[in-house]
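Report on the structure given below.
The values are calculated or read from the model by the stated rules, or taken from the named source; none is laboratory data. Keep in mind that what you see is a predicted model, and the values were worked out from it rather than measured. All Cβ positions, glycine included, derive from the backbone under ideal geometry; neighbour counts span all protein chains shown.
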C-alpha cells in the first residue's frame with residue numbers, strides 16, 4: 001500500500017525552497033503522483049495567520065503543518081513542505097511524529113549574502129532596517145541540518161540542475177519504499193582496491209552480504225565479506241568457461257557471455273535463493289564481478305533485484321605494488337589488470353544507478369562515505385551503533401602503499417610511457433567519485449559525465465592496443 005512521502009525543505013529565507021517545491025510539484029504530477037505543497041508564505045496567510053515569529057509561534061506553525069502532513073500521507077500523497085523551520089530540535093521531533101521512513105529532510109542551502117541578494121520581497125532589507133524582528137539568519141538563528149537526507153547548494157546549481165537532483169532523489173526514495181522488490185548493491189572494483197573493506201563496512205551497516213562468507217586470510221585479516229558460493233562459481237566455473245583467469249589482462253566483451261550453459265544461470269539463481277531470499281536489501285561482492293558483470297546482471301534481474309552499483313577505485317600504482325608483493329606479479333601486469341577491471345566494470349555498469357568512491361576516502365572517512373551511499377540509494381539513516389562499529393573496524397595501518405596521482409604520472413613517464421592511459425583512467429575515476437557528481441546521479445549522463453566517459457573510452461582503446469602488443473609482440 002502506498003503510504004505517501006513527506007519532503008521537508010528547510011533553509012534560510014530566499015534560499016530557493018518555494019521555487020524547488022513548486023517545480024517538483026509539476027514534475028511529480030507528470031509522473032502520476034498525487035502531490036500537495038505547503039509553502040511558508042501561504043501557510044502564514046491561512047492556517048497560521050494568527051501566529052507571530054517568536055520561537056513558540058514558529059514551533060506551533062511547524063506543528064500545524066506536520067499534523068496536516070500526517071493526514072495527507074495516510075491518503076497517499078507526496079507532500080512537499082517549504083518552510084524555513086529554523087530549529088533542529090523541532091525538525092527532529094516532527095521526523096519522529098511523521099515516521100522516519102516517510103520523512104526526508106532536504107537542506108536547501110545558500111549563503112546568507114546570496115539570499116540577501118535574491119530578496120525579491122525586500123524582507124532582509126526591512127529586517128536590517130529594524131522593521132522586522134526575529135528574522136531568521138539575522139536576529140534569529142538558523143540551525144542547519146547536521147545530516148540531511150539531501151543537501152542542495154542552490155548557489156552552485158541552476159534551478160533546473162537542482163530540480164533534477166531533487167526529482168532523482170525522490171523517485172529513488174519512492175521506488176525503495178514502494179517498489180515491492182529486492183535491492184542489491186553490487187560492489188565493483190579491482191583486487192587489492194578496498195572491495196573487502198567497503199563490503200565489510202556495508203555489512204556492519206546492516207547490508208546482508210550473504211549467509212556463508214569466505215574466512216579471513218593472511219592477506220586480508222579483517223575478512224573478505226565475500227560469499228563463498230558466488231566466489232566458487234566465478235572462479236571455478238564461469239571464468240574457465242570464458243577461457244580466462246582473474247589475472248589475465250585481456251579484457252572480456254559483453255558478447256562473450258552469450259550462449260553460456262543454462263546450468264550456470266540456474267546455479268547462480270540457486271545461490272541467490274539460498275543466500276539472500278527474504279532480504280529486501282543485500283550486497284554482493286567479488287572483485288571478479290567487475291569483469292563478469294553481464295552474467296550477474298541478468299541473473300540478479302531474473303531474481304527480481306533492483307541493481308545499484310558501488311564502484312571503489314584505488315591508485316593503480318598501489319594496487320600494482322600490492323599484487324607484486326603478494327603474487328609476485330610484474331608491475332606492468334598489475335597496472336594492466338587494474339585498467340582491465342576498472343574499464344570493464346565501468347563500461348558494463350553504465351545502465352544502472354551507481355556511486356563512485358575511492359579507497360582513500362573509505363579508509364579515512366568511512367562514516368561520511370557510507371552516509372553518501374545510504375542517501376544515494378535511499379537506504380535510510382546510519383544508526384549510531386553502526387557508526388561506532390564502522391569506526392572501530394577501519395584501520396589505516398592496513399594500507400601499506402601510498403602513492404599520489406602525481407607519483408603515478410612520474411612513474412609511468414619514467415618506466416612505462418606506453419601506459420599513459422592508466423593515469424587517464426585514474427584521473428577520470430577521481431572525478432567520477434566527486435561528491436557533486438554522485439549527488440546529481442551517475443545514471444543521468446550530464447555533460448561533464450559524458451566527457452569523462454568519452455575519456456575512459458579513449459583509454460580503453462589505448463589499453464586494447466597495448467594488450468595486443470603484450471600478447472602478440
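Of all residues in the range 385-413, those satisfying the criterion of being closer than 15 Å to residue 316 by Cβ and in a helix (DSSP H, G or I) are 405, 406, 407, 408, 409, 410, 411, 412, 413. Report yes if some residue within the range 244-263 is buried (at least 20 other Cβ atoms within 10 Å of the Cβ), in contact with a helix residue (DSSP H, G or I) (Cβ under 8 Å, 6 or more places away or on another chain) and within 28 Å of residue 396 (Cα to Cα); otherwise report no. No, the range 244-263 contains no residue that is buried (at least 20 other Cβ atoms within 10 Å of the Cβ), in contact with a helix residue (DSSP H, G or I) (Cβ under 8 Å, 6 or more places away or on another chain) and within 28 Å of residue 396 (Cα to Cα). Taken over the range 395-415, residues that are modelled with pLDDT of 90 or more and crowded, with 16+ Cβ neighbours inside 10 Å amount to 5. Is at least one residue of the range 43-53 under 24 Å from residue 163 (Cα atoms), surrounded by 19 or more Cβ atoms within 10 Å (Cβ to Cβ) and either modelled with pLDDT of 90 or more or out of contact with any strand residue (DSSP E or B) (no Cβ under 8 Å at 6 or more places or on another chain) (or both)? Yes, the range 43-53 contains at least one residue that is under 24 Å from residue 163 (Cα atoms), surrounded by 19 or more Cβ atoms within 10 Å (Cβ to Cβ) and either modelled with pLDDT of 90 or more or out of contact with any strand residue (DSSP E or B) (no Cβ under 8 Å at 6 or more places or on another chain) (or both). Among the residues of the range 117-138, how many are touching a helix residue (DSSP H, G or I) at 6+ places or on another chain (Cβ under 9 Å) and surrounded by 19 or more Cβ atoms within 10 Å (Cβ to Cβ)? Residues in the range 117-138 being touching a helix residue (DSSP H, G or I) at 6+ places or on another chain (Cβ under 9 Å) and surrounded by 19 or more Cβ atoms within 10 Å (Cβ to Cβ): 3 in total. Here 465, 458, 424 are screened, and the one residue that is within 17 Å of residue 345 (Cβ to Cβ), modelled with pLDDT of 55 or more and not in a loop (DSSP other than H, G, I, E, B) is 424. Considering each residue of the range 188-216, count those that are assigned to a loop (DSSP other than H, G, I, E, B) and closer than 16 Å to residue 395 by Cα, and give that number. Qualifying residue count for the region: 4.
Scanning the range 139-158 for residues that are over 15 Å from residue 84 (Cβ atoms) and either assigned to a loop (DSSP other than H, G, I, E, B) or without any contact (Cβ under 8 Å) to a residue 12 or more places away in the chain (or both) turns up 146, 147, 149, 155, 156, 157, 158.
Picking from residues in the range 288-307 that are in contact with a helix residue (DSSP H, G or I) (Cβ under 7 Å, 6 or more places away or on another chain) and either outside the structural domain of residue 190 (by TED's automatic domain parsing) or without any contact (Cβ under 8 Å) to a residue 60 or more places away in the chain (or both), the one that is surrounded by the fewest Cβ atoms within 10 Å (Cβ to Cβ) is 302.
Does residue 354 satisfy the condition of being modelled with pLDDT of 85 or more and either assigned by TED's automatic domain parsing to the domain that holds residue 426 or more than 21 Å from residue 146 (Cβ to Cβ) (or both)? For residue 354, the condition - modelled with pLDDT of 85 or more and either assigned by TED's automatic domain parsing to the domain that holds residue 426 or more than 21 Å from residue 146 (Cβ to Cβ) (or both) - is met.
Specify which of the listed residues (206, 189, 194) is touching a strand residue (DSSP E or B) at 6+ places or on another chain (Cβ under 9 Å) and more than 30 Å from residue 328 (Cα to Cα). On inspection, the qualifying residue turns out to be 206. What are the residues in the range 217-241 that are within 23 Å of residue 305 (Cβ to Cβ) and assigned to a loop (DSSP other than H, G, I, E, B), if any? Of everything in the range 217-241, those that are within 23 Å of residue 305 (Cβ to Cβ) and assigned to a loop (DSSP other than H, G, I, E, B) turn out to be 224, 225, 226. Only one entry in 379, 391, 343 is in contact (Cβ under 8 Å) with a residue 12 or more places away in the chain and exposed (fewer than 15 other Cβ atoms within 10 Å of the Cβ), namely 391.
For residue 285, indicate whether it is out of contact with any strand residue (DSSP E or B) (no Cβ under 8 Å at 6 or more places or on another chain) and in the same structural domain as residue 190 (by TED's automatic domain parsing). So residue 285 does not fit the description; no.
Only one entry of 269, 317 meets the criterion of being outside any loop (DSSP other than H, G, I, E, B), more than 17 Å from the chain's Cα centre (by Cα) and either crowded, with 24+ Cβ neighbours inside 10 Å or not assigned by TED's automatic domain parsing to the domain that holds residue 214 (or both), and that entry is 317. Please verify whether residue 212 is touching a helix residue (DSSP H, G or I) at 6+ places or on another chain (Cβ under 8 Å), surrounded by fewer than 22 Cβ atoms within 10 Å (Cβ to Cβ) and closer than 25 Å to residue 317 by Cβ, treating the condition exactly as stated. The answer is no for residue 212.
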